[in-house]
Amino acid sequence: MISPKIIFRLLFFTFILSSGRLCAQPGKAAAILSEIKTKGADSARLFDLNEASIQFVRNSDYDSAIRYTQIVIDYAAGGNFPRQLASAHNILANCYYFRGLYPESVKSYLVALKIYEKLSDSTRIANCYNNIGNTYTRQKYYDQALSYHRKALDIRKRLGDKENLANSYNNIANIYHSQKKYNLALDNHTQSLRLKIAGQDTAMMVLSLNNIGGVYTDMQLYDSAIAYHELALKLNELAEKSEEDEEIAYVNLSRTYMLLKEYKKAEEYGLKAHQMATQIGDAETLLEVNDILSKIYQQTGRYELALNYYQKYVWFRDSLYNEENTAKLLAEEYQYKYEKKLEEEKLEQARKDAVTETEKKKKNQILILVCSLLALVIGFAVFIYRSYLKKREVSEKILEQNTVIREKQKEIIDSINYAKRIQNAVLPDADDFRNEFADAFVYNNPKDIVSGDLYWYAKLSTTSANPIQLIVVALADCTGHGVPGGFMSLLATQLLNHSVKNPDINSPGELLYYMNTRISQDLNKSTKERINDGMDIAVCAIDFARNTVYFSGANRPLWIMRGNVIEETDPTRASIGAYTAENQEFLTHTLQLAKGDRIYLFSDGITDQFGGAENKKFTKKRLKEFLLDTAEMSLTAQCEKFSRLMNEWQGSMEQTDDMMMIGIKL
């Protein structure tokens, strides 16, 4: 099996060569963005922001790269900056590629390809072909991958681009290797290595040595394979040391020694590769090295370790190579070919119309003109008919793929709807909640079917000599939204239910301390890798007899409306779970209220929602203004008006997060 890292490295290398120059420090991205906002976007500033994004990719900081690349796309799409726009889509495609999001990656590559085709930029057209070919190789669509790489190869031969020509030979060799056509693989690797030696490109020579070693391993020429990989490691030390190339050598040496049944060495190199891949965040190498380590431990009788690494292997395999990704990938390909064909037809029709117009002006060739027009009509009819057949064929293929996608989508949505029913069964009924109070509301607007926001309440009595009757109310904003957020909300509800039964918990602050400790323990008790999910939450214990509220919050405040003023009680600046230490204390506030005062709890999905005429966030200021303007309304009427307001504010904008708010009148 060929090391997945080989093609991963070449894809990014081709991309870096296409960018021209590098920004000295990725940290300059914020300064560049500030300059764009104050002085306006031009080609140089957008170019520099793209270069900063490349640095983020080199440092495996894909979130920052995606964020700044999207900014470039927004500015470039609104102005005449086609090269910066294409480059940004190419960077974005690389980020998706490195994360294993192959359909999204191909979609962005095709956008870049269309722009470069309009610019007649042969070098970058070849680069796009190269990158799309690598993506198809990842999904094991070798025929499509070879087609794109050969297109790139032909262009690079014509341009005399020896450096990238070596990359094309290397990528084609990798496909032949995957198809077990070892002699063809060695021939192409040899041509690639010769070009790299001639260009004195030490770093890429290391890559070729690793690739050739991998071929020899699959040919069972283990001594030759080990020699090539050890030579690659030594040469890597002499060049600017590359963690990716070192990682490739370790993976291939581990596999080779495993096949030689030298399990101690195989384990040593495998663990080194696993450590490096984990640090880099390389999902594809983790897929392969988990498979190798599981086989090593199985063959040496260490079955518990074998099972552990096999489970990790299966997880990465199912994440990277699933049917939904495959369907999306082919759908993007068919859509691109269909649109390109339509553009070619428009150009051809325009050319024929121009010829026809010229012929009409030649009055001395009336007979020729008539014959030409007759031939043109017949040819055009044939052309239209053939075009119709081709369009129908493409449309049928797209419909077939759409059917597959819809079936998969239905299965997923059915599962999510079932998860929604489970969540509804666990969370309190909204009508029951409102009936507990003289006047109250619950505004709940999930981003997806399943919500990561939750509300909860419970009635209880203190255990003192003179027991106090309390209603405890909580509103939580869990990490993420949709199904992941839904799972966190179920865990939070379970912990809240347990907390009110615990005699050692006597305040909202102690309740949050208990939840923080339990979430950290529960999420990480069955895995060696820490899970840093959690939630922001506000908890109130209300004593209606004494008009007293006991409040504690983890990154979520309490608002109290008294007359024409809203007072905010600040929370403890720490989340529950996530990166918060287990011994984090949460402050409990004791607040004396009066009859008629209103209390509000809300998630940040409301204040962070984009909308309005200028597409800005809703903000806390607007929320306070709304609550004060509607203070004379009942809470039920206030909730209805707020729901209409948020719908108008959002308009056609995508909802960014789950939204929830609770209002209670004393």
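At 4 °C and a viscosity of 1.567 mPa s, what translational diffusion coefficient does Stokes-Einstein give for the stretch 152-298, taking Rh as the Kirkwood radius over Cα pairs? Give it in µm²/s as a whole number.
Working: Rh = 15.6 Å.
After rounding, the answer is 83 µm²/s.
Most exposed first by the Cβ proxy, i.e. fewest other Cβ within 10 Å, how do Glu163, Glu104, Glu396, Glu304 rank?
Glu304, Glu396, Glu163, Glu104
Once amide H atoms are placed 1.01 Å from N in the peptide plane, what residues at a sequence separation of 5 or more from Gly534, or on another chain, have their amide H within under 5 Å of its amide H?
Thr479, Ala578
What Kirkwood radius, in Å to one decimal, follows from the Cα pairs of the stretch 21-117?
On the way: mean 1/r = 0.0763 Å⁻¹.
Hydrodynamic radius (Kirkwood, Cα only) of the stretch 21-117 equals 13.1 Å.
Considering the dipole of the stretch 50-152 built from charges on the beta carbon (Lys and Arg +1, Asp and Glu -1) around the Cα centre, which of Tyr142, Ser64, Ala86 is farthest to its positive end?
Positive-end residue among those listed: Tyr142.
Taking every pair of alpha-carbon atoms in the stretch 428-665, what share in percent sits in each 5 Å bin, from 0 to the bin with the longest distance?
Answer for the stretch 428-665: a P(r) of 1, 6, 14, 18, 20, 17, 12, 7, 3, 1, 0, 0 percent.
Over 21 Å between Cα atoms, which of Lys261/Lys295; Lys272/Lys312; Lys162/Lys234; Lys265/Lys295 qualify?
Details: Lys261/Lys295 11 Å; Lys272/Lys312 17 Å; Lys162/Lys234 25 Å; Lys265/Lys295 14 Å.
Too far apart for the 21 Å limit: Lys162/Lys234.
When we measure straight from the Cα of Lys107, which aspartates and glutamates land under 16 angstrom away, once same-chain ones fewer than 8 places off are left out?
Output for Lys107: Glu117, Glu324, Glu332, Glu333, Glu339.
Tell me which of Asn435, Met488, Thr588 sits at the most positive position along the dipole axis of the stretch 428-665, charges placed on C-beta atoms (Lys, Arg +1; Asp, Glu -1).
Value: Thr588.
Using θ = phi - 60° and the Karplus curve 6.51 cos²θ - 1.76 cosθ + 1.60, what whole-Hz ³J(HN,Hα) does each residue of the stretch 253-270 get, with Gly and Pro shown as x?
My calculation for the stretch 253-270 gives 5, 4, 5, 5, 5, 5, 5, 7, 6, 8, 5, 5, 5, 4, 5, 4, 5, x Hz in order.
How large is the convex hull of the Cα atoms of the stretch 544-647 per residue, expressed in Å³ as a whole number?
Details: hull volume 13.3 nm³, N = 104.
Dividing the Cα hull volume of the stretch 544-647 by its residue count gives 128 Å³.
Hey, could you get me the Stokes-Einstein D for the stretch 174-227, Kirkwood radius over alpha-carbon pairs, 10 °C and 1.306 mPa s, rounded to whole µm² s⁻¹?
Working: Rh = 11.2 Å.
Reported coefficient: 142 µm²/s.
Enumerate the calculated ³J(HN,Hα) couplings along the stretch 189-206 in order (Karplus 6.51 cos²θ - 1.76 cosθ + 1.60, θ = phi - 60°), each rounded to whole Hz, writing x wherever the residue is Gly or Pro.
For the stretch 189-206, the Karplus-derived couplings read 4, 5, 4, 5, 5, 4, 5, 5, 5, 4, x, 6, 8, 4, 4, 6, 4, 4 Hz, x marking Gly and Pro.
Just how many pairs of Lys in the stretch 428-665 have C-alpha atoms closer than 28 Å, counting pairs that are eight or more places apart or on different chains?
The number of close lysine pairs in the stretch 428-665 is 28.
Throughout, read-outs are computed from the coordinates displayed, never taken from laboratory work. No experiment lies behind these values; they were computed from the predicted model shown. Cβ atoms come from the backbone with ideal geometry, glycine included; neighbour counts cover every protein chain shown.
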